[in-house]
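The values are calculated or read from the model by the stated rules, or taken from the named source; none is laboratory data. Quick caveat: nothing in here was measured; it's all calculated off a predicted structure. Note that we place each Cβ from the backbone using ideal geometry, even for glycine, and neighbour counts take in every protein chain shown. Quick note on the areas: whole protein, heavy atoms, side chains included, nothing else; ligands and nucleic acids left out. Shrake-Rupley method; radii C 1.70, N 1.55, O 1.52, S 1.80 Å.
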Protein chains: 2
Amino acid sequence: LIERTPIIKLPEYAERESDVTIGGFVEGLRDQRRIQFLIVGDESGSVQTVNLRNDDDPSKLALTEAISSLTTGSVVEVSGKAVQNEKVKLGGLEVRIEDLVLHSLAQPGLPIGMDTNLDTRLDWRYLDLRERKKAHIFDIQTTLESSARNWWGSNGYKEIHSPKLLAHPSEGGSEEFAIPYFGKDAYLAQSPQFYKQMAMAAGFNRVFEIGPVFRANPSFTSRHDTEFTSVDAEISWIDSHHDVMDAEESLLRHALKDVLDKHGVDILANFSNELSEQGGLFEIPTNPFPRISLSDARKMVEETGYIIPANTEDLDPESERILCRLTKERYGSDFVFVTDYPISVRPFYHMRHENNPELTKSYDLLWRGVEITTGAQREHRYDRLKEQIREKGMDEGGLEFYTDFFKYGCPPHGGFGLGLTRMLMKITGMNNVREVTFLYRGPKRLTP
Amino acid sequence: LIERTPIIKLPEYAERESDVTIGGFVEGLRDQRRIQFLIVGDESGSVQTVNLRNDDDPSKLALTEAISSLTTGSVVEVSGKAVQNEKVKLGGLEVRIEDLVLHSLAQPGLPIGMDTNLDTRLDWRYLDLRERKKAHIFDIQTTLESSARNWWGSNGYKEIHSPKLLAHPSEGGSEEFAIPYFGKDAYLAQSPQFYKQMAMAAGFNRVFEIGPVFRANPSFTSRHDTEFTSVDAEISWIDSHHDVMDAEESLLRHALKDVLDKHGVDILANFSNELSEQGGLFEIPTNPFPRISLSDARKMVEETGYIIPANTEDLDPESERILCRLTKERYGSDFVFVTDYPISVRPFYHMRHENNPELTKSYDLLWRGVEITTGAQREHRYDRLKEQIREKGMDEGGLEFYTDFFKYGCPPHGGFGLGLTRMLMKITGMNNVREVTFLYRGPKRLTP
């Protein structure tokens, strides 16, 4: 390995005037008559490096010329002495260049700058992501996933990788991508849910999966994409959807605490502007997340004077925002579980309440104004499931591949799916899925 | 949650004749005139539960009839007293049934049994996976991945999720799945490699990804599938491919040690037959994995008298087996890195040796006779990369989406891809990818 001193650690070296080697991208060059200032940035920070010209000294000329030829974006390895220099705004220190190795010369003129519009920035996403603030989003993502997996690991979950190539559209065929597949059609998975449930029928007890899902959704909104990372879990031997909520709440508390501990300070430093619109950095509620039935939630919202649109049986986006504001005020929680949706707005496979078959054992989890999860206890009894398919007027034959999972026994179970990018949007305040996805995919975007 | 006592823990309860509740699948029923024997299995083991009939006692009749009606595969919750009973072969204990709750009644007659052929078992994979030995493979997988991610986490890697929907075929278009995509064509990713490299151009320094890749490969062999889980890593600021090998070796030592510590005993118990053909449970070499150049490796193989087929410039499968045998004998290592492949058998983007441009800075890792990894230092210099594309006679224009990544600077970097199922095959001795994949996908298999 080429041993590099992380730029963020240079102050300790500058204090002792030590030799260092740094490596990174050229972020700027001022090539003056007597001195050259070269700004170099790595994944931890940026630093000014300097070369006092002495063009009469032939041994120094090569270095000076090498620096002069550098372009923004080029990758260099710079060796020299780190010294304190109060005049330097960038960290109060500089590196006096003794040697420079050019690893890769950038073409002159980067195609994007500070004021480039989002779509062009996405064209050059690999340059866009060089902004450390943007790369930081993926450090948060790494911690969030790692912490979630550790929690699952300590709680007896198996990790699965369910297939993304399916013989049948997941749920009735809307928003499905079809693929010619050896003379037949295959479909891309819209969700791992049916396969998580299959794992329950296989006796796996508890499973999780973090993986891609695909939606042939033609929308261009700031919340929609055609491919995204879904965070899914499913557990057996539950009494009701409340056990699923318990599991999700524990998981989120654990993972979000790790994010706060590891990145809280950096998130505030990087995203304070973005977060100011939603009341700053998130907090983890000390009390349990409130659980409010949909019908109570609708009452709470309407008591504020807001009229929920007549064609909405659940909550429209404005109601979600109002409800989150109210639960924050009343219960001090940024999270709220909305439970017990009527069967009309839930899929056929949600289990129904024994004492009220019009209501499902289902929930949504709202966080800071948006829905981040849908969860439920599933109907695991073959005959009831078939009945619910018929009641919904759906095609029983087309769903046999799924109902067959339950034909030879399956424990009671439920689970949830969590949107990773929605979480990242709420953590950073970046209000566009394109900014928190490594490489966004939409109806008109398949590159880079 | 329905609190269950794991069946594997029943001995401690039986010792004290305690009350227990177990939950699982009905694995067998002997419904005799005076006594009913019901075998119940959960994810940890199986146990005999018994009901002494007393058909004159009406309060007991319901229980007896409930048991009589049970079918294999049905899901039950059984409460009763655990007692020691030396006569019982299954663990020397039994549970005397006091109460039974039926959660799900299986249709009579499971469609697969002990001697069902593989293809039919795959049709009913969720029943096939109820065999605990098979479910155990996914415990090993969970540990392997979790341990690898922990190692990456401690070594500064970011986790990425690269897109699976691409505008361009990954490498020249063979074995690509094409998808109609909003009036255009998209392609499914064959590898995350180009995007891992893009992350290097973005300054991410080190990344990993565990995710699905797709190959429209029409083969039906025991090692091929059309969708599988790829384990990928990429690191910057390397001196050569040896740094990539160092990283992979450390990763594998860490992850395989965790697998041995956590599952060694169970793997031996479950897979001793399968493993006997390859010399038992794997061991982690104490010495560094040997690194042998391809040309030396070929000499070693040919010195045994084996003649490598004339049309093979690298190693044919038989040579791989011979080489592994030799390195085991000479260096005590089940692993061997084969390095420095000629440019003719490596893709255009592999970096070449400065002092020998006919050889690439590449490697394969062989484990117990099969290749589990391909790795390399990549060519990160834009001009050289373009040159190597021209030399290979490839279409420069079609690769611009990729070469553009390097146009504005990129640090030296390299990485590797590791086949998760090949690892699992070597760990368990199960010699078919279909057995170690949660749900295998092949040219004729898209279900369940």
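Numerical summary
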item	result
Dipole of region B:230-308, positive direction: furthest Cα of B:Leu281, B:Gly305, B:Leu260, with charges on the beta-carbon	B:Gly305
Chain A - percent relative contact order, Cα under 8 Å, separation 6 or more	13 percent
Per-copy distances of the B:Pro342 label point, shortest first, in nm (7 angstrom along Cα→Cβ)	7.5
Surface share of carbon and sulfur [accessible, 1.4 angstrom probe, percent] for region A:27-142	49 percent
Neighbourhood net charge (12 Å Cβ-Cβ; Lys/Arg +1, Asp/Glu -1) for B:Pro443	+2
Hz values of 3J(HN,Hα) by residue in region B:413-418 - Karplus curve (6.51, -1.76, 1.60), Gly and Pro given as x	7, x, x, 8, x, 10
Region A:298-382: GluC sites (Glu not before Pro) falling in loop per DSSP and having at most 10 other Cβ within 10 Å	A:Glu354
Per-residue ³J(HN,Hα) for region A:6-23, Karplus 6.51 cos²θ - 1.76 cosθ + 1.60, θ = phi - 60°, Hz, x for Gly and Pro	x, 4, 5, 8, 4, x, 5, 6, 5, 4, 9, 6, 8, 6, 9, 10, 10, x
Nearest beta-carbon to the B/A symmetry axis - residue in chain B, distance in Å	B:Ile179, 2
Peptide-level mean, for A:120-132, of C-beta atoms on other protein chains within 10 Å	4
Cβ charges +1 (Lys, Arg) and -1 (Asp, Glu), total dipole of region A:169-323, debye	280 debye
Ratio Rg/Rh, restricted to the protein assembly as shown and using Cα atoms, in which Rh is the Kirkwood radius	1.00
Principal-axis tilt of helix B:317-331 within chain B, Cα atoms, nearest 10 degrees	90 degrees
Occluded residues from region A:421-448, i.e. those whose accessible area drops by 30 Å² or more once the chain is not alone (1.4 Å probe)	A:Phe438, A:Leu439, A:Arg441, A:Pro443, A:Leu446, A:Thr447, A:Pro448
Dimensionless Rg/Rh of region B:103-156 - Kirkwood Rh, Rg from C-alpha atoms	1.23
Nearest-first distances (nm) between copies at A:Gly113, label 7 Å from Cα via Cβ	7.8
Entries of A:Lys9/A:Lys426; B:Lys184/B:Lys444; A:Lys257/A:Lys328; B:Lys164/B:Lys184; B:Lys158/B:Lys361; A:Lys133/A:Lys262 with Cα pairs more than 22 Å apart	A:Lys9/A:Lys426; B:Lys184/B:Lys444; B:Lys158/B:Lys361
Average Cα contact separation per residue, region B:23-102, under 8 Å, 6 or more apart, as relative contact order %	31 percent
Solvent exposure of region B:127-231 as accessible area per residue, Å², 1.4 Å probe	29 Å²
Between B and A, accessible area buried - total, square angstrom, nearest 100, 1.4 angstrom probe	8200 Å²
Region A:378-448, accessible area per residue, ligands and nucleic acids excluded (1.4 Å, Å²)	30 Å²
Inter-copy label distances at A:Gly393 (7 Å, Cα→Cβ; nm, one decimal)	6.2
Calculated P(r) tail over 13 Å for region A:316-359, as whole % of Cα pairs	62 percent
Interface residues in region B:153-184 - accessible area drops by 50 Å² or more relative to the isolated chain, probe 1.4 Å	B:Lys158, B:Glu159, B:His161, B:Pro163, B:Leu165, B:Phe177, B:Tyr181, B:Phe182
Cα-based Rg and Dmax for chain B, where Dmax is the largest Cα-Cα distance (Å)	27.2, 93
Distance from region B:246-320 to region B:35-110 (C-alpha centre basis), Å	47 Å
Peptide B:140-146, shielding by other chains (average Cβ, 10 Å cutoff)	4
Inter-label distance for A:Leu102 and A:Asn355, nm, one decimal - labels placed 7 Å from Cα along Cα-to-Cβ	7.9 nm
Cα pair distances of region A:52-155 binned at 10 Å [whole percent]	11, 24, 30, 21, 10, 3, 1
Apportionment of accessible area to carbon and sulfur, region A:158-241, percent (1.4 Å)	48 percent
Rounded to 10°, Cα long-axis angle of helix A:294-303 versus longest principal axis of chain A	70 degrees
Whole-angstrom Cα spans of region B:112-239 along principal axes, big to small	54, 43, 28
Charge dipole magnitude, Cβ of K and R +1, D and E -1 - chain A, Cα centre, debye nearest 20	200 debye
For region B:225-246, residues shielded by at least 50 square angstrom of accessible area compared with the chain on its own, probe 1.4 Å	B:Glu227, B:Trp237
Relative contact order of region A:316-448, defined on C-alpha pairs under 8 angstrom at six or more residues apart (%)	19 percent
For region A:173-261, average projected area of the Cα convex hull in nm²	8.6 nm²
Gain on full stretching of the segment that runs from B:Glu318 to B:Leu90 - 0.36 nm per residue minus C-alpha separation	77.7 nm
MRE, 222 nm, helices only [DSSP H, n ≥ 4, -39500 (n - 2.57), over chain A, to nearest 500]	-10000 deg cm²/dmol
GluC sites (Glu not before Pro) within region B:254-299: DSSP coil, no more than 16 neighbouring Cβ in 10 Å	B:Glu277, B:Glu283
Theoretical gain in end-to-end length, A:Glu283 to A:Arg253 [0.36 nm per residue, Cα-Cα removed]	9.8 nm
Accessible carbon and sulfur surface of region B:325-375 relative to its total accessible area, %, 1.4 Å	49 percent
Two-decimal Rg to Rh for region A:201-347 - Kirkwood Rh, Cα set	0.98
